[in-house]
Structures are given as structure tokens and as C-alpha cells.
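The values are calculated or read from the model by the stated rules, or taken from the named source; none is laboratory data. These figures come from a predicted structure and were not determined experimentally. A quick note on method: Cβ atoms are made from the backbone with ideal geometry, for glycine too, and the neighbour counts reach across all protein chains shown. The accessibility values were calculated without ligands, DNA or RNA, using every heavy atom of the protein model including side chains. Shrake-Rupley method; radii C 1.70, N 1.55, O 1.52, S 1.80 Å.
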Amino acid sequence: MSAEDTAEDAAASSDDDQSVDEDQLEEYNEMLEQLGAYPDKMIINSLSMVAEDFAESAKGAAGIYQCIRALLLSASVTAERKLPLVYVVDSILKNVRGRFIPLIESDAAEWISAVHGHISDEQRAKLRKVLDTWRQGAIFSETSLTEMGRCFADSDKQAAAKRASAENVTGIGRNVSAGASIMCLVYAHARMSY
């Protein structure tokens with residue numbers, strides 16, 4: 001089930017939700033654009049404060065989250081801009097909470113994996129740190145956190161396999177060298193015996 005489906009279900013079940021209009025969403029998108037590649041704390045705080053206005057509204061929270069989610073998943077958004085967007089989600093989860101928690105929990109694994117695949121190793125370490133704070137803060141269930149962190153577990157396994165393969169190749173090289181040296185000694189000894 002996607003976040004869009006979850007948001008639609010939640011919105012349909014609540015008639016008294018404060019709705020977010022297109023102008024508000026456009027303004028929120030403009031603020032997200034201002035964030036750019038630098039995680040400016042003032043802008044992140046402003047984005048969180050706007051989100052707070054819709055924390056108890058299924059429709060409002062879904063609208064705000066979809067603005068961020070669309071950018072996180074967009075191929076046209078540069079890798080440098082993705083981590084600051086993750087920091088916006090992080091701020092909303094830790095400071096605003098409300099309807100955002102189940103909404104984000106329902107599909108964060110999808111965009112975390114997408115972001116993980118596009119950012120540098122240095123940024124991946126920062127993304128992992130954010131995920132670790134969610135685990136420490138028990139923001140999501142352990143099952144959801146495991147799914148969100150699957151991209152890290154997979155890349156850790158790949159890195160370990162590459163290291164093991166490199167060590168085996170290096171070991172083979174040393175063994176071949178040692179074997180060649182032994183063969184030279186055997187050959188030299190054989191020549192001296194005759």
C-alpha cells in the first residue's frame with residue numbers, strides 16, 4: 001500500500017479534516033525549492049511549522065508529505081538536494097508527529113532506498129544516522145525500520161563480499177608468489193645436485 005493510498009483512506013474516513021488548498025501546497029513547494037542543497041535550519045524549521053498546521057488533518061498531512069515525497073523520488077532532483085529533504089521529514093517526525101507518522105511509515109522504505117541509490121557515501125552515512133535516530137526514538141515499529149534500512153543491509157553485504165573477494169585475490173597473489181619462490185628454490189637445488 002502506498003502513502004497515497006493510505007492518505008486517501010485516512011482522508012476519506014475523516015470528514016472534519018482541515019484541508020490544504022493548491023495555493024498552500026504551491027507555497028510549500030516553493031519553500032522546499034528554497035532549501036536547495038544546503039540543510040538550512042531556519043528553512044527546515046519553517047517547513048516543519050507549516051506542516052504542524054496540518055498535523056492532525058489526514059488531507060493536510062498527506063498533501064504536505066506528498067510535496068516532500070515527490071521531490072525525494074524525483075529523478076530530476078539532484079543528489080545534493082535529497083539529504084536536506086530527508087532532514088525536513090526528520091524534523092516533521094520528531095517535532096510535529098501527528099498524522100505524519102503513520103503516513104511516512106507506510107512508504108518511507110521506498111524513498112529511503114531511492115535516495116540511498118543516488119547519494120554519495122558521505123551522504124549515505126548521514127542518512128543512516130537519521131534512520132538510527134528514528135530507531136532510538138522508537139518513532140516507527142522495528143519491522144518498518146528494518147524494511148527502511150534494507151538498502152543499508154544490502155549495500156553492507158555487497159561491500160563485505162567485495163572486500164572478501166579482494167582479500168582472496170590478494171591472498172592468491174601472495175600464494176602464487178610464495179609458490180614461485182619455492183619452485184625456484186627446488187629448481188636451484190636440483191641443479192646443484194647434478
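Counting only the backbone N, which residues of segment 51-66 are under 12 Å from the spot 7 Å out from the Cα of Asn95 toward its beta-carbon?
Within reach of a label on Asn95, which here means backbone N under 12 Å from a point 7 Å along Cα→Cβ, segment 51-66 contributes 51-53.
Students often forget the sequence filter, so: which lysines lie under 28 Å Cα-Cα from Lys59 once same-chain residues fewer than 8 apart are removed?
The reachable lysines, counting only those whose Cα sits under 28 Å from Lys59, are Lys41, Lys82, Lys94.
Got a sec? Charge dipole of segment 60-169, +1 on Cβ for Lys and Arg, -1 for Asp and Glu; which of Val88, Phe152, Trp134 is way out at the positive end?
Projecting each Cα onto the dipole axis, the largest value belongs to Val88.
Accessible area per residue of segment 37-124 at 1.4 Å probe, in Å²?
Counting only protein heavy atoms, the per-residue value for segment 37-124 is 41 Å².
Note the full-extension length gain between Lys162 and Glu122 as 0.36 nm times their separation in residues minus their Cα-Cα distance, in nm to one decimal.
So the extension gain works out to 12.5 nm.
Charges at C-beta only: +1 for Lys and Arg, -1 for Asp and Glu. How large is the resulting dipole of segment 10-154 about its Cα centre, in Debye rounded to 20? Intermediate values should be presented prior to the final figure.
Details: 14 positive and 25 negative charges, 163 e Å.
Computed about the Cα centre, the dipole is about 780 debye.
Placing +1 at every Lys and Arg Cβ and -1 at every Asp and Glu Cβ, with all other atoms neutral, what dipole size does segment 24-86 have around its Cα centre, in debye to the nearest 20?
So the dipole magnitude of segment 24-86 works out to roughly 280 debye.
Fully extended, how many nm does the chain gain between Ser74 and Val130 (0.36 nm per residue separation, minus their Cα-Cα distance)?
Contour length minus Cα-Cα distance gives 18.1 nm.
So which lysines can Lys157 reach, going by Cα to Cα under 21 Å and dropping same-chain residues fewer than 8 places off?
Lys126, Lys129
Determine how large the accessible area of Met42 is when every protein chain is in place; take a 1.4 Å probe and give Å² rounded to the nearest 10.
Approximately 150 Å² of Met42 is accessible to the 1.4 Å probe.
Not counting ligands, DNA or RNA, and with a 1.4 Å probe, what is Asp121's accessible surface area in Å² rounded to the nearest 10?
Answer for Asp121: close to 120 Å² accessible.
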